[in-house]
Amino acid sequence: MEMGSQMTLPVKETFFISHGSPMLSIDDSLPARHFLRCFKERVFTQKPNSILVISGHWETSEPTVNCITGINDTIYDFYGFPQQMYQLKYQAPGAPKLAKRVKELLKSSGFKQVHQDNNRGLDHGAWVPLMLMYPEADIPVCQLSVQTKKDGTYHFNIGKALAPLKEEGVLIVGSGSATHNLRALRDTAGVASWAMDFDNWLKESLVNGRYEDVNNYMTKAPCAKLAHPWPDHLYPLHVAMGAAGENANAKAELIHHSWSNHTLSYASFKFK
């Protein structure tokens, strides 16, 4: 879409990546870091024309895309971390054509108010995983916000509206966290039982195609409010799930699983 005369190959999958802690950007002890560094060799070998990231770190009242001509800024939206992390840059080009296409698809699917931000760069929910997945930073990137006052079904429907992008060579990545309770992080071994219960439920629901249950996770899942006191880091999963398209036999595939900080799951999924 943003690559001139390059032939467009359809993308068949969408992905949800648990990006966990910002330490993912430098901490080689995290298994998820090594998983993402091998992503384009082992998980998704096709080079997309452009990338749309739905990050849990951009919340707006209505859907908003960043529309950047030139290079995306790197946003350091984390505090109190090692200084070297604030020196990292991910200078991927913006994807203004993709941004306009996202607006067009959402509006034609009934999302009446869709906005664009011509200044905002990439937050760490976007650039940290992408820096590991595509370190060359040569693929145009556009980011889409989440609406935390809406529900899972709303975000699933956003994904459904965006499904045609795959035929245009766009890789759709939801970036959040399978569990995300920052007040419950501990530097201790083992995994909290409530985090394990929610994580297992999410995995079983997704791999068995129970997407409607995942849309209604607050009433269906064990320990939902503990695992996600706020929904911002799970809604990117709903978008990726919806963008997989209409398929009565749709099931997700678990592509990575690890833990850190006692309660933080890095479970990541492929949808097709």
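For the residue pairs Lys40/Lys160; Lys40/Lys100; Lys112/Lys166; Lys107/Lys270; Lys47/Lys150; Lys107/Lys272, the C-alpha atoms sit more than 29 angstrom apart in Lys47/Lys150.
Panel note: the C-alpha atoms of region 14-271, placed on their principal axes, show extents of 46, 44, 34 Å (largest first). Counting only heavy atoms of the protein chains and using a 1.4 Å probe, Tyr235 has close to 10 Å² of accessible surface. Extending 7 Å from Cα along the Cβ direction at Glu204 and again at Leu254 yields two label points whose distance is 1.1 nm.
Taking the Cβ of Ser25 as the center, what net charge do the other residues with Cβ under 14 Å away carry, scoring Lys and Arg +1 and Asp and Glu -1?
Within the 14 Å Cβ shell, the charges total -1.
Ranking Leu182, Phe44, Met131 by how far each Cα lies toward the positive end of the dipole of the chain (charges on Cβ) leaves Phe44 at the top.
Each of Lys89 and Cys38 was given a label point 7 Å from its Cα along the Cα-to-Cβ line. The distance between the two points is 3.2 nm. Per-residue ellipticity at 222 nm from helix content only, as computed over the chain with -39500 (n - 2.57) for each DSSP H run of at least four residues, stands at -8000 deg cm²/dmol. Whole-Hz Karplus values for region 117-133 come out as 10, 8, 10, 5, x, 9, 7, 6, x, 9, 6, 5, x, 5, 4, 7, 6 Hz, taken residue by residue from phi with 6.51 cos²θ - 1.76 cosθ + 1.60 and θ = phi - 60°; glycine and proline positions read x. Under 5 Å between amide hydrogens, built in the peptide plane, is the criterion, and for His115 it picks out Thr64, Val65 among residues at least 5 positions away or on other chains. Coupling constants for region 110-116 follow from the phi torsions by the Karplus curve (6.51 cos²θ - 1.76 cosθ + 1.60, θ = phi - 60°), and in residue order they are x, 8, 5, 10, 10, 10, 10 Hz; glycine and proline get x. Using a probe of 1.4 Å on the protein chains alone, the accessible area found for His34 is around 80 Å². Placing dummy labels 7 Å off each Cα toward the beta-carbon, the span from Thr188 to Lys149 is 3.8 nm.
Taking only protein heavy atoms and a 1.4 Å probe, what accessible area per residue, in Å², does region 14-271 have with all protein chains in place? Working shown, then result.
Working: 10430 Å² over 258 residues.
Here the residues of region 14-271 average 40 Å² of exposed surface.
Could you work out which residue, out of Lys89, Lys225, Lys112, moves most in a Gaussian network model of the chain, that is, has the largest mean-square fluctuation with Cα springs under 10 Å? The residue that fluctuates most here is Lys112. Rounded to the nearest 20, the Cβ-based charge dipole of region 14-271 about its Cα centre (Lys and Arg +1, Asp and Glu -1) stands at 360 debye. Surface composition of region 188-234: carbon plus sulfur atoms contribute 55% of the solvent-accessible area (1.4 Å probe, protein chains only, all chains present). Packing-based ranking of 213-221, 264-272, 43-51 yields 264-272, 43-51, 213-221, ordered from highest to lowest mean Cβ neighbour count within 10 Å.
Each residue of region 65-77 was assigned a 3J(HN,Hα) from its phi angle through the Karplus curve 6.51 cos²θ - 1.76 cosθ + 1.60 (θ = phi - 60°); the sequence is 10, 8, 10, 10, 9, x, 9, 5, 5, 9, 9, 9, 8 Hz, with glycine and proline shown as x. Region 124-150 and region 166-215 have Cα centres spaced 18 Å apart.
The values are calculated or read from the model by the stated rules, or taken from the named source; none is laboratory data. The model shown is predicted, which means the values in this text are computed figures rather than measured ones. Neighbour counts are summed over all protein chains in view; Cβ atoms, including those assigned to glycine, are modelled from backbone coordinates with ideal geometry. Please note that ligands, DNA and RNA were not included when accessible areas were found on the heavy atoms of the full protein model with its side chains. Shrake-Rupley method; radii C 1.70, N 1.55, O 1.52, S 1.80 Å.
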